[in-house]
């Protein structure tokens, strides 16, 4: 299979923010990653970047409690948003996370793409759908990552992908639904192709 010419040359952690409002607007584009606390978001980011632990992973879901910024190729950001829906976190903490994400999207003018990460084995939760609706309302292009593809047989994958295609058919901002495996890096090249198109386009 021919690889895309776009490469991740460098990636570095820059800062974490409790609100997103204190991040300097340096004009660089931002690609955001959202998903439930146990959906494998950090592993996905590390897989895309081919880094082992740039985005912190752990046995306890909910490790990302701040908005984390990573500078990629010195000219755009990956923005790792706090995971949501983790049962062991208090209601107050959940509300704080929700407010943090809302504030970020209200303040940030450079979000050009969102990766909404779902577990391919399960139907989306209300929180999943709320964020997908939010991207739709903000007119932010989004890619649905159907993560943990390696947990399914080919037949199961076909059935689940078809169900997600039908569910998300009504959304105008969804530009792709990609089964993904952070174990085998399945569909990594397609993710890079989408990133390439977005970050190398003048307008956002």
**Fill in**
Counted residues in segment 97-135 being assigned to a helix (DSSP H, G or I) and either within 15 Å of the chain's Cα centre (by Cα) or crowded, with 16+ Cβ neighbours inside 10 Å (or both) come to 15
**Prompt:** In segment 83-93, is there at least one residue being assigned to a loop (DSSP other than H, G, I, E, B) and under 16 Å from residue 44 (Cβ atoms)?
**Reply:** yes
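Take residue 69 and tell me if it is touching a helix residue (DSSP H, G or I) at 6+ places or on another chain (Cβ under 6 Å), at pLDDT 70 or above and in a strand (DSSP E or B). I'd like the intermediate steps shown before the answer.
Values: touching a helix residue (DSSP H, G or I) at 6+ places or on another chain (Cβ under 6 Å): no; at pLDDT 70 or above: yes; in a strand (DSSP E or B): yes.
Judged against the criteria, residue 69 is not a match.
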**Message:** Suppose we keep only residues that are surrounded by 14 or more Cβ atoms within 10 Å (Cβ to Cβ) and in a helix (DSSP H, G or I) within segment 152-188. Which one would you say is nearest to the chain's Cα centre (by Cα)?
**Reply:** 188
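The values are calculated or read from the model by the stated rules, or taken from the named source; none is laboratory data. Quantities reported herein were computed from a predicted structural model and do not represent experimental measurements. As a convention, Cβ positions derive from the backbone with ideal geometry for all residues, glycine included, and neighbour counts pool all protein chains shown.
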